[in-house]
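The values are calculated or read from the model by the stated rules, or taken from the named source; none is laboratory data. Quick caveat, the model's predicted, so the values are computed rather than measured. Neighbour counts are summed over all protein chains in view; Cβ atoms, including those assigned to glycine, are modelled from backbone coordinates with ideal geometry. Accessible surface is based on the protein model in full, side chains and every heavy atom, while ligands, DNA and RNA are left aside. Shrake-Rupley method; radii C 1.70, N 1.55, O 1.52, S 1.80 Å.
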Amino acid sequence: ASIVANAELVNNFYAIFAFIRDFTPKPFSTKESAASSAAQACIDGHADLVIVLSKSADSANLVCKYRPNAPVLVVSADEKIVRWSSSQFAQYGLVMDVKDASLEEFKKSGALDQALAHARSLKLIGDKCKGVVLVAEQSEKDLIVSHV
């Protein structure tokens with residue numbers, strides 16, 4: 001584990017993000033633009049975790065495309081999406097009834113605390129989490145990004 005942690009120190013996430021963004025065809029869709037913003041917020045804000053509330057696997061994949069410097073916890077009511085995302089690099093799944101939950105409902109209902117507890121149980125984050133980037137699908141074309 002210490003070898004992997006040491007190897008991660010040489011990654012320049014700013015350069016990786018910029019390279020991927022520069023070579024992605026323009027114009028971006030609204031969803032792609034929000035996903036790149038989520039990854040950028042994670043890098044700039046030194047967030048420890050990205051939580052994606054997902055109705056499809058596309059939004060989590062778009063966020064991961066830009067290589068945020070933190071693991072991505074995919075929260076979905078659909079067990080197929082959670083299983084599929086768990087097979088992807090740096091994505092971890094959690095089945096939770098969040099079908100039509102907005103970011104505010106997710107925070108107020110205690111679901112955010114449950115997701116953070118799950119992330120701690122997987123040792124994705126420590127007890128002192130610096131920040132979390134939340135991403136929610138508003139529709140098939142739109143994502144909402146929030147930093148907690």
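Gain on full extension, evaluated as 0.36 nm per residue between His147 and Leu122 minus their Cα-Cα distance, stands at 6.9 nm.
DSSP loop trypsin sites (Lys or Arg not before Pro) in segment 52-143 with at most 12 other Cβ atoms within 10 Å of their Cβ, which ones?
Values: sites: Lys55, Lys65, Lys80, Arg83, Lys99, Lys107, Lys108, Arg120, Lys123, Lys128, Lys130, Lys141; in loops: Lys55, Lys99, Lys123, Lys128, Lys130, Lys141.
The qualifying sites are Lys99, Lys123, Lys128, Lys130, Lys141.
Which loop-located chymotrypsin sites (Phe, Trp or Tyr not before Pro) does segment 16-56 contain, where loop means any DSSP state but H, G, I, E or B and the Cβ has at most 11 other Cβ atoms within 10 Å?
Phe23
So which of Lys31/Lys80; Lys55/Lys108; Lys99/Lys123 end up more than 24 Å apart, counting from Cα to Cα? Cα-Cα > 24 Å for Lys99/Lys123; rest within.
Solvent-accessible surface of the chain, averaged per residue with a 1.4 angstrom probe and all protein chains in place: 56 square angstrom.
Placing unit charges on the Cβ atoms of the charged side chains and taking the dipole of the chain about its Cα centre, the candidate lying farthest along the positive direction among Ser146, Asn69, Leu49 is Asn69.
Can you pull the percent of the chain's accessible area that's carbon plus sulfur, 1.4 Å probe, other chains left in place? C and S atoms contribute 54 percent here. Taken over segment 1-147, the alpha-carbon convex hull comes to 108 cubic angstrom per residue.
When DSSP beta bridges are restricted to pairs lying wholly in the chain, around 25% turn out antiparallel. Once a ≥ b ≥ c are taken as the square roots of the eigenvalues of the Cα gyration tensor of segment 5-68, is the result rounded (a/c under 1.5), prolate (a/b larger than b/c) or oblate (a/b not larger than b/c)? Since a/c reaches 1.5 but b/c is at least a/b, the shape of segment 5-68 is classed as oblate.
Which residues does the label zone of Phe28 cover in segment 48-75, counting backbone N under 16 Å from a point 7 Å along Cα→Cβ? Hits in segment 48-75 for Phe28 at 16 Å: 59-69.
Simple rule: put +1 on each Lys or Arg Cβ and -1 on each Asp or Glu Cβ in segment 1-133, find the dipole, and look at Ile81, Phe23, Ala35; the Cα lying farthest toward the positive end is Phe23. Placing a label point 7 Å from the Cα of Lys107 along the Cα-to-Cβ direction, the residues of segment 120-148 whose backbone N falls under 11 Å from that point are 134, 146-148. Remark: the chain carries a charge dipole of roughly 260 debye about the Cα centre, counting +1 on each Lys and Arg Cβ and -1 on each Asp and Glu Cβ. Picking from Ser56, Ser121, Ser102, which is most flexible by a Gaussian network model of the chain using Cα springs under 10 Å? Sorting by GNM fluctuation, first place goes to Ser121.
Sites listed here are chymotrypsin sites (Phe, Trp or Tyr not before Pro) in segment 40-148 whose DSSP assignment is loop and whose Cβ has at most 14 other Cβ atoms within 10 Å: Phe89.
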